[in-house]
Amino acid sequence: METNEKTMTPEESIQIIRQSIINSRRNLKENGFYYLFWGWMLVFASLTNYFLIRYLHSKKMYDQIFITSSIVWGIFVAVGFAIVFIYLGKRGKKNAALTHLDRIITTLWMTAGVVFVLIVLFCYRYESFPTPYILAVTGMTTFISGMVIRFKPLIAGGILFGAISIASIFVPPLSQLLLVAISLILGFLIPGYLLKTAKD
């Protein structure tokens, strides 16, 4: 029994993969609001957290520092989601069609979000600071995202997150919050703006 299925040549397979990468990069550009918005929100959350702890708490009062940090990050994340939902409502159904690579990147970041929560809970249990671990996971996720869409600035951003993660081990916990803000600007926001203006 003959089959009508056509076997793709290696060149055709490569072209499909290349087109999928281009489409995913284009979708990231078109939906760049989310990446840049969350980047700036988290930068401001880090700086707000830093100044509140610096001027309101003793650096040795771990429980109060944890509570303050949880409130600060919780407020910024809640406000962020509210703004995103409003933006989605106004935008309607203008979203571009998702590719398989888009779904991989989305799942990757959703998984990272769950890992962030687990890291915070574990660190609270053992009274340690989560910054190095969160930076490491962010670096890995950013690096993989950059590899998926083959965008070198995002790949470099992921490597930068990893380097700052290692550096944060050797600085005081409070100063780690400043490193978070710096890493977000250099490793996430700048590649995000470059992606927004990059050619397909």
Exercise for the section: Would you check if residue 140 is part of a helix (DSSP H, G or I), surrounded by fewer than 20 Cβ atoms within 10 Å (Cβ to Cβ) and modelled with pLDDT under 90? Expected result: no
Practice task
Check 52, 28, 108, 47 and return the single one that is at pLDDT 85 or above, under 20 Å from residue 185 (Cα atoms) and part of a helix (DSSP H, G or I).
Solution key: 47
Practice task
Restrict the check to the range 143-155 and report whether at least one residue is assigned to a helix (DSSP H, G or I), at pLDDT 90 or above and crowded, with 20+ Cβ neighbours inside 10 Å.
Solution key: yes
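To keep it simple, each residue is scored yes or no on (1) under 23 Å from residue 50 (Cβ atoms); (2) modelled with pLDDT of 95 or more; (3) buried (at least 21 other Cβ atoms within 10 Å of the Cβ).
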| residue | (1), (2), (3) |
| --- | --- |
| 122 | yes, no, no |
| 169 | yes, no, no |
| 177 | yes, no, yes |
| 193 | no, no, no |
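The values are calculated or read from the model by the stated rules, or taken from the named source; none is laboratory data. What you see is a predicted model; the values in this text were computed from it and never measured. A quick note on method: Cβ atoms are made from the backbone with ideal geometry, for glycine too, and the neighbour counts reach across all protein chains shown.
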